[in-house]
Amino acid sequence: MSAMGELRLYALGIDELRGIVGAGADTPELREAARRAFAPPEQPAARGLIGKLGPLFRRTPGAPVVSPTDPEPRDVEVLLAGAYVSPERMGATWRVLETLVQYRCWGSTRLPLSSASLDDLDFALARGGVAAAVGLGHLLTSHTNVRLLPVRGLTVGWHRHDKALAMADAYRAAMPQIKTDEQRELVSSLVIWLDGFIPWSQVATGLGRPVPDLIGFWAN
């Protein structure tokens, strides 16, 4: 059985995505969004003698253990400065970027898709007449050209706004040919979400922001 994965989709202009890396110091809203997302949970105060023995331990009792993929405040600063990211902090930096994409995006959705189930879904869509150019697999091979090195277990890709609209139309037309209930439900929910690109683009234009493109983060 294949390990589960998750495809997370965001509606955001590709230039807005790229602009997060090196956005600079004058971005208090991005810094605050990251702070809220990664603030450690409050720990109950240690009672008795153990609460007084902090200096004797390598870390303070009750302090969270920081994983290489758990963002720290410095990871946010490095990303916003567009500075060099050390290899051991790359996973955490991608998490910061995705969090800020989620903060800035017009809408998002999640699809539970392993490698096998993504291939099966693309095959089912192709059988229904969907061109490979608007398939989910093609989305994930279209590089965002974000100035971060890739990390194992995460694939990031994108489609232009017009291609996101074409995906909605093509997937809708393919629905009667899709065999399994699970795949039909997945495609139906995706089509409903992709239909949001039309009103989102109208609002974005009114606010002077770029129309949204389709950004995909696939954890696999």
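The values are calculated or read from the model by the stated rules, or taken from the named source; none is laboratory data. Note that the structure is a prediction, hence the values are computed from the model and not measured. FYI the Cβ positions are ideal-geometry reconstructions off the backbone, even for glycines, and counts take in every protein chain you see. To get the accessible areas, we keep the full protein, side chains included, count just its heavy atoms, and leave off ligands, DNA and RNA. Shrake-Rupley method; radii C 1.70, N 1.55, O 1.52, S 1.80 Å.
What percent does the relative contact order of region 64-178 come to when contacts are Cα pairs within less than 8 Å and at least six residues apart?
Over region 64-178, the number comes to 23 percent.
In nm, give the distance between the simple-model label positions of HIS143 and ILE192, each being 7 Å from the Cα along the Cα-to-Cβ direction.
For the pair HIS143/ILE192, the computed spacing is 3.7 nm.
Using a simple charge model, +1 on the beta-carbon of Lys and Arg, -1 on the beta-carbon of Asp and Glu, nothing else, what dipole does region 66-220 show about its Cα centre, in debye to the nearest 20?
Charge dipole, region 66-220, about its Cα centre: 260 debye, nearest 20.
Need the full-extension length gain, LYS179 to ALA219, defined as separation in residues times 0.36 nm minus the C-alpha distance. One decimal, nm.
Once the chain is fully extended between LYS179 and ALA219, it gains 11.8 nm.
Angle, helix 28-38 long axis vs. longest principal axis of the chain, Cα atoms, 0 to 90°, nearest 10?
Between helix and principal axis, roughly 80 degrees.
Can you find, among LEU140, GLN183, VAL203, the residue sitting farthest towards the positive end of the charge dipole of the chain, where Lys and Arg contribute +1 and Asp and Glu -1 at Cβ?
Value computed over the given set: LEU140.
In Å², what does the accessible area per residue of the chain work out to with a 1.4 Å probe?
Accessible area per residue, the chain: 56 Å².
Given a cut-off of under 8 Å on Cα pairs at least six residues apart, what relative contact order in percent is computed for region 110-220?
In percent, rounded to a whole number, it is 33.
Can you give the extra length, in nm with one decimal, that the chain gains between THR109 and GLU72 once fully stretched, where that is 0.36 nm per residue apart less the Cα-Cα distance?
So the extension gain works out to 10.8 nm.
Among rounded, prolate and oblate, which fits region 97-220 when a ≥ b ≥ c are the square roots of the eigenvalues of its C-alpha gyration tensor, a/c under 1.5 means rounded, and a/b larger than b/c means prolate?
oblate
Which of TRP94, TRP193, TRP106 ends up with the largest GNM mean-square fluctuation for the chain, with Cα atoms connected below 10 Å?
The residue with the greatest mean-square fluctuation here is TRP193.
Limiting things to C-alpha atoms, what are the Rg and the maximum Cα-Cα separation (Dmax) for the chain, in angstroms?
Final numbers for Rg and Dmax: 20.5, 69 Å.
For the chain, what relative contact order do you get, as a whole percent, if you take Cα pairs closer than 8 Å and at least 6 residues apart?
Rounded, it is 33 percent for the chain.
Going toward the positive end of the dipole of the chain, with +1 on Lys and Arg Cβ and -1 on Asp and Glu Cβ, which of ALA116, GLY82, PRO71 do you reach last?
The listed residue farthest towards the positive side: PRO71.
To the nearest whole percent, what portion of all C-alpha pairs in region 134-204 is separated by more than 19 angstrom?
46 percent
Ignoring any ligand, DNA or RNA, what whole percent of the accessible area of the chain comes from carbon and sulfur when the probe is 1.4 angstrom?
The nonpolar share, carbon plus sulfur, comes to 57 percent.
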